[in-house]
Amino acid sequence: VTVDQQYRASTQLTEAELNALREFWQVCEPRYDELVTDIAADAHEHPELGSLLGGDDPSDLERTHELLTSAIMDGDWSPYLARMGDAGVRYAEAGLDFTAWFAAGRALRSRLVPLMVEALSDEAERLAEAVRGVAILIDLVLLAVGRSYISAKERIITDQQAVLRELSTPVLELRPGLLLVPLVGLIDSERALLLTQQLLEGVAAYRAKAVVLDITGVPAVDSAVANHLMQTVQATRLMGAHTLISGLSAENAQTLVRLGLDLGPLNTVGTLADGVLQAAAILAAAEDRARRYQAIPTEQ
Amino acid sequence: VSVPILEHSGTLIVSLQSEPTDAEFIDLEAELTERVGSSRARGVLIDVSALSVLDSFATRTLREMAQAVRLRGARAAIVGIQPDVAFAMVQLGLSLDGTLTALNLEDGLSLLNEATAKPWQ
């Protein structure tokens with residue numbers, strides 16, 4: 001059962017629930033405008049109330065009234081609930097707290113229930129139905145708002161994760177043929193794979209001969225991270241580039257040694273500055289090699 | 001062998017255009033090891049830039065070829081491994097230890113030139 005299916009199922013009302021809502025609406029609708037004015041008094045405390053029954057704009061008020069009527073009388077809930085859902089999205093995007101809606105629901109109930117009691121005080125059964133109708137309406141509204149609030153929040157989180165992933169492995173060209181990858185934060189498998197991929201693309205795109213992978217900002221280097229780094233180094237080696245690891249802290253170095261890992265292929269240097277110097281030497285050697293090769297007369 | 005072997009100032013150059021079969025790889029290894037002697041080549045360069053896959057058999061054959069060529073007094077270089085291929089190879093734990101690797105033909109030739117200048121090192 002997906003979230004959407006579950007949502008649809010919980011907005012499917014039984015005949016009894018529909019009757020309860022109609023009972024409520026018979027009392028409420030003739031006094032809708034009066035109710036809205038009353039609620040406006042509460043609105044400074046619960047701004048959410050405004051959007052439940054209308055809005056700041058009179059035309060919004062008219063429209064919400066229509067939608068609510070067609071929802072309760074004809075069972076066409078989607079437009080009204082979609083409107084409430086939009087409010088949820090607005091709240092999520094503005095970073096406002098969702099719990100305010102529960103307070104608004106409570107405030108609305110405390111306005112509506114006395115209204116029902118006043119109109120139906122002689123008819124206990126109809127009163128019970130109408131009060132139940134109030135509860136159903138408020139439940140539905142909170143459900144719609146909550147659902148869009150949460151999905152909007154989730155969307156925001158997914159977007160931010162994508163941005164962070166992009167930022168997490170910047171491959172920078174320090175000078176022609178020399179790439180710098182400053183790593184900050186914890187490295188997990190997913191990030192390590194992304195790093196390797198982006199670095200390999202970078203080596204191809206920039207025709208890099210040397211890469212400095214700076215891990216000064218990586219707090220913990222365990223065997224998993226060391227293996228990932230080793231894979232990255234070997235992969236760049238396959239593409240003809242030399243990778244130097246710089247900034248391994250004393251603590252992490254001791255950990256790796258205690259773990260007994262064979263870090264043979266890992267060229268480590270002390271600081272980023274050392275890394276850049278050594279990388280420059282690798283570049284110079286490559287340039288030298290290319291010059292000497294070009295100097296060979298083709299006839300041998 | 002279906003793959004042409006070019007000769008350029010003491011270097012044998014092979015450019016693999018499509019994924020060779022296992023049998024073709026073995027033939028190529030034999031042919032190159034032989035040709036190193038007959039044409040007195042000091043370097044062998046294999047360009048794999050057109051290949052989108054290098055499986056474990058191909059990798060092992062290339063590694064063996066490099067070792068055999070070295071025993072015959074020449075050096076081998078593999079050039080043009082694509083990013084995706086390199087990524088897949090390390091994921092599968094395949095390595096080309098002992099062979100020279102370079103980004104492209106030009107870098108490969110200069111690497112070979114350096115490596116063969118002082119073969120005793």
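Helix B:22-38: angle to the longest alpha-carbon principal axis of chain B, degrees 0 to 90, nearest 10? Approximately 10 degrees, to the nearest ten.
Write down the percent of antiparallel bridges among all DSSP beta bridges whose residues are both part of chain B, to the nearest 5. Given both bridge residues lie in chain B, the antiparallel proportion sits at roughly 25 percent.
Beta bridges assigned by DSSP with both partners in the protein assembly as shown are antiparallel in approximately 20 percent of cases. About its Cα centre, chain B has a charge dipole of approximately 580 debye under the convention of +1 per Lys or Arg Cβ and -1 per Asp or Glu Cβ, with nothing else charged. Fully extending the segment from A:Asp262 to A:Asp122 would add 41.7 nm, taking 0.36 nm per residue of separation and subtracting the current Cα-Cα distance.
Under a Gaussian network description of chain A, with springs only between Cα atoms under 10 Å, the residue in A:Leu108, A:Leu263, A:Leu200 that fluctuates furthest is A:Leu263. Each Lys or Arg adds one and each Asp or Glu takes one away; over the other residues whose Cβ falls under 15 Å from the Cβ of A:Thr14, this sums to -2. Place a point 7 Å from the Cα of A:Gln160 along the Cα-to-Cβ direction; which residues of region A:78-102 have their backbone N under 11 Å from it? Residues passing the 11 Å test: A:95. Think of chain A as a dipole: +1 on every Lys or Arg Cβ, -1 on every Asp or Glu Cβ, centred on the Cα centre; then among A:Gly105, A:Thr69, A:Gly275, A:Gly275 lies furthest on the positive end. Here A:Ser246, B:Ser52 are placed in order of increasing Cβ neighbour count within 10 Å, fewest first, which gives B:Ser52, A:Ser246. Basic side chains Lys and Arg get +1 at the Cβ, acidic Asp and Glu get -1 at the Cβ, and with that the dipole of chain A about its Cα centre reaches some 2160 debye.
Relative contact order of chain A: 14 percent, from C-alpha pairs under 8 Å at least 6 residues apart in sequence. Packing, taken as the mean count of other beta carbons within 10 Å per residue, orders the peptides A:134-143, A:11-20 from highest to lowest as A:134-143, A:11-20.
Taking amide H as placed 1.01 Å from N in the peptide plane, A:Val211 has its amide H under 5 Å from the amide H of A:Leu179, A:His242, A:Thr243, A:Leu244, each at least 5 places away in sequence or on another chain.
What percentages make up the Cα-Cα pair-distance distribution of region A:136-175 when the bins are 5 Å wide from 0? Per 5 Å bin, starting at zero, the Cα-Cα P(r) for region A:136-175 comes out as 6, 20, 12, 13, 10, 10, 8, 6, 5, 3, 3, 2, 1, 0 percent.
Using mean Cβ contacts within 10 Å as the protection proxy, how do B:102-112, B:88-98 order, highest first?
B:102-112, B:88-98
Shown here for region B:30-111: trypsin sites (Lys or Arg not before Pro) in loop regions (DSSP other than H, G, I, E, B) with at most 13 other Cβ atoms within 10 Å, namely B:Arg40.
Counting only whole DSSP H helices of chain A, the ones at least 27 Å long by C-alpha along their axis and with mean Kyte-Doolittle hydropathy no lower than -1.0 are A:99-120, A:124-168, A:272-295. Ordering A:Gly260, A:Val221, A:Met239 by Cα displacement along the dipole of region A:197-291 toward the positive end leaves A:Met239 in first place; charges were set at the Cβ atoms of Lys, Arg (+1) and Asp, Glu (-1). Comparing mean-square fluctuations of A:Glu251, A:Glu48, A:Glu166 from a GNM of chain A with C-alpha springs under 10 Å, the top value falls on A:Glu251.
Peptide A:282-294 is shielded by partner chain Cβ atoms: per residue, an average of 3 of them sit within 10 Å of its Cβ.
Between the Cα long axis of helix B:105-117 and the first principal axis of chain B there is an angle of about 40°, rounded to the nearest 10.
Dipole of region A:186-300 computed with +1 at Lys/Arg Cβ and -1 at Asp/Glu Cβ about the Cα centre; of A:Val211, A:Ile296, A:Ala250, farthest Cα towards the positive end is A:Ile296.
Estimated purely from DSSP H runs of n ≥ 4, each contributing -39500 (n - 2.57), the mean residue ellipticity at 222 nm for chain A is -23500 deg cm²/dmol once divided by its residues. Using Cβ point charges alone (K and R +1, D and E -1), the dipole size of region A:148-300 about the Cα centre works out to roughly 260 debye. With q set to 0.08 Å⁻¹, the log10 of I(q)/I(0) for the protein assembly as shown, from the Debye formula over equal scatterers at the Cα positions, is -0.64.
Read-outs throughout are calculated quantities, based only on the coordinates presented, and are distinct from any laboratory measurement. Note that the structure is a prediction, hence the values are computed from the model and not measured. Every residue, glycine as well, gets a Cβ built from its backbone with ideal geometry; the counts of neighbours run over all protein chains shown.
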